[in-house]
Amino acid sequence: MPGVLRIHFSDRDFRHVQLAKSADPMWEAILGLHVLSTPPRRLPPPLRPWRRRAAERLRGGDDLRAACRLLNDLAPADAPYFPDFLTPTESEEGMSAALDTLRATSAARLARELREAARHRDLPPWTGRLASGDRRLLDRVADAVLQVHTRLIAPDWSRVAATVAADAERRAAALEGGLVALLSQLEPFTWRDPVLTAPYPVDLDLRLRGRGLRLIPSFFCHTTPIAVADPALPPVVVYPVSPAPRTPPEAVRHAKALAALLGASRARVLGALATASTTGSIAARLGMPAPSVSGHLRVLRDAGLVDSRRDGAHVLHRLTSRGHHLLAPRGR
């Protein structure tokens, strides 16, 4: 029987909730493999074209198929648990940092997490050597993750990054109404103060205990959210991105008129600023080269439609009141 994930908040936890703004390469690699091993009829329609392309790429080399088999032994799609060391928190800093952390996993942690995995299913014999701390075998695991990311995920990374960034921006807009407003709109979760619940393969209670929670939207997560299992690790929950809201007909007509006025690419850049964004996030979301986006932003800024200001290490671009007026369909 399916279970329920229950995430228990305290007052202190509300001050330490983080919402990832970009796709996590390690989670997307592992969950992309799950999509690849799932029959197309059981996948949401937006994931089926990627699965078809990935299956074609998989036919291109025995080494890639071997890498997928290795990772599927550790983290199969139907497992209620897979080792947390495969998705280190350092992945938020990029694939290189994540792989360095994976290669440095302690023998004690390998043994502990593989022992936990063995409680839920039979593991292949080679995992016994990994559990004993075989460093060369651990390097093979890290190399397999890199192969899957490079050859299966990276060719479509702009789509992955854009979809995740758009979801994160919708969540950030909800956050303007407060954290409870965000949690109340976070599908497939249900918020009943002070517990956030969601369908899950097993019953699991995640008690935050003042540590907060990192929420990571994922392109390839398509069934239930996934929580880091070890209660000693920083709490992390990965959840499926929500579909983009349907554009009403009057907005479609307005977008066409805006494209005729500004040019199609510049109008798309202006539309991407419905929420404050960096040049890089706009480029990823629209699938446009960053220099082109930067040029369009400069023109829009000179026209008084966009305001750009530094925010820490990044420059954030926002619509001015004139930009908002131009972007909004007539009558709103």
For the chain (alpha-carbon point model, no solvent) the Debye-based log₁₀ I(q)/I(0) at q = 0.07, 0.08, 0.12 Å⁻¹ works out to -0.33, -0.43, -0.93
Least to most buried among HIS149, HIS120, by other C-beta atoms within 10 Å and fewest first, runs HIS120, HIS149
Taking 19-29, 227-237 and ranking on average Cβ neighbours within 10 Å, highest first, one gets 19-29, 227-237
Quotient of Cα radius of gyration and Kirkwood radius for the range 24-159, i.e. Rg/Rh, equals 0.95
Sorted by chain and then number, the residues having a modelled amide H within less than 5 Å of the amide H of ARG207, at least 5 places away or on another chain, are HIS8
Between the Cα axis of helix 62-74 and the main Cα principal axis of the chain, the angle (0 to 90°, nearest 10) is 80 degrees
Across 5 Å bins beginning at 0, the whole-percent shares of Cα-Cα pair distances in the range 118-158 come to 6, 20, 18, 16, 17, 12, 9, 2
For 214-226, 62-74, ranked highest to lowest by mean beta-carbon neighbours within 10 Å, the order is 214-226, 62-74
So, over other residues within a Cβ distance under 15 Å of ARG207, counting Lys, Arg +1 and Asp, Glu -1, the net charge is -1
Quick numbers on the range 249-327, Rg and Dmax over C-alpha atoms in Å, give 11.9, 39
Quick calc of log₁₀ I(q)/I(0), the range 60-107, Debye, one scatterer on every Cα, no solvent, q values 0.17, 0.18, 0.24 1/Å, result -0.63, -0.70, -0.99
Descending packing, highest mean Cβ count within 10 Å first, for 107-115, 95-103 is 95-103, 107-115
Relative to the chain, whose Cα atoms define the longest principal axis, helix 249-262 and its Cα axis are tilted in degrees, nearest 10, by 70 degrees
Longest principal axis of the chain (C-alpha) makes with the long axis of helix 135-148 (C-alpha) an angle, in degrees to the nearest 10, of 30 degrees
The distance between the Cα centres of the range 197-218 and the range 35-56, in whole Å, is 26 Å
Phi-derived 3J(HN,Hα) across the range 191-200 with the Karplus relation (6.51, -1.76, 1.60, θ = phi - 60°), rounded Hz, x for Gly and Pro, is 9, 10, 2, x, 10, 9, 10, 7, x, 8
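Only the coordinates and a few stated rules stand behind these numbers; no lab work does. Note that the structure is predicted; figures quoted are calculated from it, not measured. For neighbour counting, all protein chains shown are included, and Cβ atoms are generated from backbone atoms with ideal geometry for every residue, glycine included.
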